[in-house]
Amino acid sequence: MNARFGHPLMNLPGTWIGALATVAVGDQPHQPIQPHTRPTPWSPWHYWWQAHYLDAMIDAGFLAVARGDRIEARIELQRARALLRGILVHNFGRFRNDFYDDMAWLALAAGRLDTLSVRLLARHDRLARRAVKTLARELHGAHDDVLDGGIYWSRKRDFKNTPANAPAALLLARIGEMEHAQSLLDWLRAELFDPDLGLHIDGIHPTANGRSVERTIYTYNQGPVLAAMLEVGRPQDLLHAAALIESVHQQLYTPGQGLRLEGGGDGGLFTGILCRYLALAAHDPRLPVQARRTASALVRDTAVVVAGQSPTQLSKAVQRWSILSAAATV
């Protein structure tokens, strides 16, 4: 994936960025693939795709550590640091973004980068810690009492949804702000959980008459909710986590086809995100054995479906990597 999509940002040393798409050179199917977009600070680049690309690099680093290959792990760590710098440069020297879900995703990936640095080098990564601190502060500013709580999706402050609140809850739990994480989980349960489906819906718009609900079910929304439940870990959270895994199995899985795969663009990332967090659940001894087995099987069956793919879009390439790396751990 790095060879196909990754390259230094504007050839700046110490930076890395992901091209949004690739094209084959020549007519032969096995010809090299080269990035066909070379981002500049003014070109489209999709902040949140880069955040998940960063997460994929960290996956590779931790998998190398698990194999005992510390040399490869350090290479992945160095490249991940370069990508975080590339994101900062491309974003005009700021981590701040207009969308709170994007910022939550980058903060989660940066936090894992810092963890890998401590694991390999016995020291924190200053840029990663700066990213987490900066982005957590932004997420705090997105919270208010409109619609009884929750954080907004964007700076327009006209929509509160699962895509922003779920990864924010997970981040806050990981950095030790457990009370705030619990409040976001409780809000998600009260406002954006469909008890008939057992899944979380998309979001709510505040209106002059009260609220307008978006009831669409997306695969990726279930993943960070699941992870936040496990991270917070109250008895009710663990019960809800086990039930959510079963609902994902019943509602979003087809035998022989794995978990539902969305289209390209942003949707190209969705199922990979869900698989990342199902893999965490598969290893959590606090969950019932059957829930863990189901989570593991969902990941493995989906990995079989995507294993033979050769995506030409960054989002789908990151998704494929996320699913395969998740499957490698279960």
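The values are calculated or read from the model by the stated rules, or taken from the named source; none is laboratory data. This structure is a prediction, so every number in the text was calculated from the model and none was measured. A quick note on method: Cβ atoms are made from the backbone with ideal geometry, for glycine too, and the neighbour counts reach across all protein chains shown.
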| said: All but one of (1) touching a strand residue (DSSP E or B) at 6+ places or on another chain (Cβ under 9 Å); (2) in a helix (DSSP H, G or I) hold for Leu172; state the number of the condition that does not hold. | reply: (1)
| message | So for region 99-108 (the condition being buried (at least 21 other Cβ atoms within 10 Å of the Cβ), in contact with a strand residue (DSSP E or B) (Cβ under 7 Å, 6 or more places away or on another chain) and assigned to a strand (DSSP E or B)), does at least one residue qualify? | response | no
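May I ask you to list the residues in region 257-289 that are free of Cβ contacts under 8 Å to residues at least 24 places away in the same chain and either basic (Lys, Arg) or farther than 25 Å from Ala109 by Cβ (or both)?
Step one: filter region 257-289 for residues free of Cβ contacts under 8 Å to residues at least 24 places away in the same chain, giving 263, 285, 289.
Pro285, Val289 - these are the residues of region 257-289 that are free of Cβ contacts under 8 Å to residues at least 24 places away in the same chain and either basic (Lys, Arg) or farther than 25 Å from Ala109 by Cβ (or both).
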| query | Restricting the first residue to region 299-314 and requiring it to be more than 29 Å from Trp16 (Cα to Cα), which pairs with a second residue that is of a type in the set (Ser, Thr, Tyr) meet a Cβ separation below 7 Å and a spacing of at least six or different chains? | reply | Thr302/Thr271
| said: Quick check on my filter: what residues within region 266-283 are surrounded by fewer than 17 Cβ atoms within 10 Å (Cβ to Cβ) and more than 15 Å from the chain's Cα centre (by Cα)? | reply: His283
| task | Output yes when any residue across region 188-201 is assigned to a helix (DSSP H, G or I) and of a type in the set (Phe, Trp, Tyr), and no when none is. | result | no
| message | Please go through region 73-89 and give me each residue that is touching a residue at least 12 places away in the same chain (Cβ under 8 Å), of a type outside the set (Gly, Ala, Ser) and either crowded, with 24+ Cβ neighbours inside 10 Å or more than 21 Å from Ala136 (Cβ to Cβ) (or both), ordered by number. | response | Arg74, Glu76, Leu77, Arg79, Leu83, Leu84, Ile87, Val89
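Could you list all residues from region 109-126 that are crowded, with 16+ Cβ neighbours inside 10 Å and of a type in the set (A, V, I, L, M)? If you could, list the steps in order and put the result at the bottom.
Going through region 109-126, the residues crowded, with 16+ Cβ neighbours inside 10 Å turn out to be 109-117, 120, 125.
Those that are crowded, with 16+ Cβ neighbours inside 10 Å and of a type in the set (A, V, I, L, M): Ala109, Ala110, Leu113, Leu116, Leu120.
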| message | So Asn221 ticks every box in (1) part of a helix (DSSP H, G or I); (2) over 16 Å from the mean Cα position of the chain (by Cα) but one. Which box is left unticked? | response | (2)
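Which one of these is farther than 19 Å from Ala109 by Cα, surrounded by fewer than 22 Cβ atoms within 10 Å (Cβ to Cβ) and touching a residue at least 12 places away in the same chain (Cβ under 8 Å): Asp196, Asp158, Asp145?
Working: Asp196 fails: touching a residue at least 12 places away in the same chain (Cβ under 8 Å); Asp145 fails: touching a residue at least 12 places away in the same chain (Cβ under 8 Å).
Exactly one residue qualifies, and that residue is Asp158.
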| On the given criteria, is Ala166 of a type in the set (A, V, I, L, M), crowded, with 18+ Cβ neighbours inside 10 Å and in contact (Cβ under 8 Å) with a residue 24 or more places away in the chain? | yes
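Quick one: how many residues across region 25-72 are in a loop (DSSP other than H, G, I, E, B), of a type outside the set (S, T, N, Q) and either surrounded by fewer than 19 Cβ atoms within 10 Å (Cβ to Cβ) or modelled with pLDDT under 55 (or both)?
Start the filter on region 25-72 by keeping residues that are in a loop (DSSP other than H, G, I, E, B), which leaves 25-32, 36-46, 68-69.
Among the residues that remain, those that are also of a type outside the set (S, T, N, Q) are: 25-27, 29-30, 32, 36, 38-39, 41-42, 44-46, 68-69.
After this cut, where a residue has to be either surrounded by fewer than 19 Cβ atoms within 10 Å (Cβ to Cβ) or modelled with pLDDT under 55 (or both) as well, the list is 25-27, 29-30, 32, 36, 38, 41-42, 44, 46, 68-69.
Going through region 25-72 one residue at a time, the tally reaches 14.
Being in a helix (DSSP H, G or I) and on the phi > 0 side of the Ramachandran plot is the filter here, so list the residues in region 134-169 that pass it. Break it down stepwise before answering.
As a first pass, look at region 134-169 and keep what is in a helix (DSSP H, G or I): 134-141, 146-148, 162-169.
The answer is Leu147, Asp148.
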| request: Of the conditions (1) more than 27 Å from Lys133 (Cα to Cα); (2) touching a residue at least 12 places away in the same chain (Cβ under 8 Å), Thr207 clears all except one; give me its number. | output: (2)
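Given region 227-330, what helices (runs of 4 or more DSSP H) lie entirely inside it while holding 2 or more residues that are at pLDDT 95 or above and under 19 Å from Ala60 (Cα atoms)?
Values: elements: 235-252, 270-282, 289-306, 314-329.
The helices (runs of 4 or more DSSP H) meeting that bar are 270-282, 289-306, 314-329.
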| said: Any residue in region 172-191 that is under 14 Å from Asp237 (Cβ atoms) sitting within a Cβ distance under 7 Å of a residue that is among the β-branched types (Val, Ile, Thr) and part of a helix (DSSP H, G or I)? List the pairs, counting only those 6 or more apart or interchain. | reply: Ala173/Val232; Met178/Val232; Ala181/Val232; Gln182/Val232; Leu185/Val232; Leu188/Thr162; Leu188/Val225
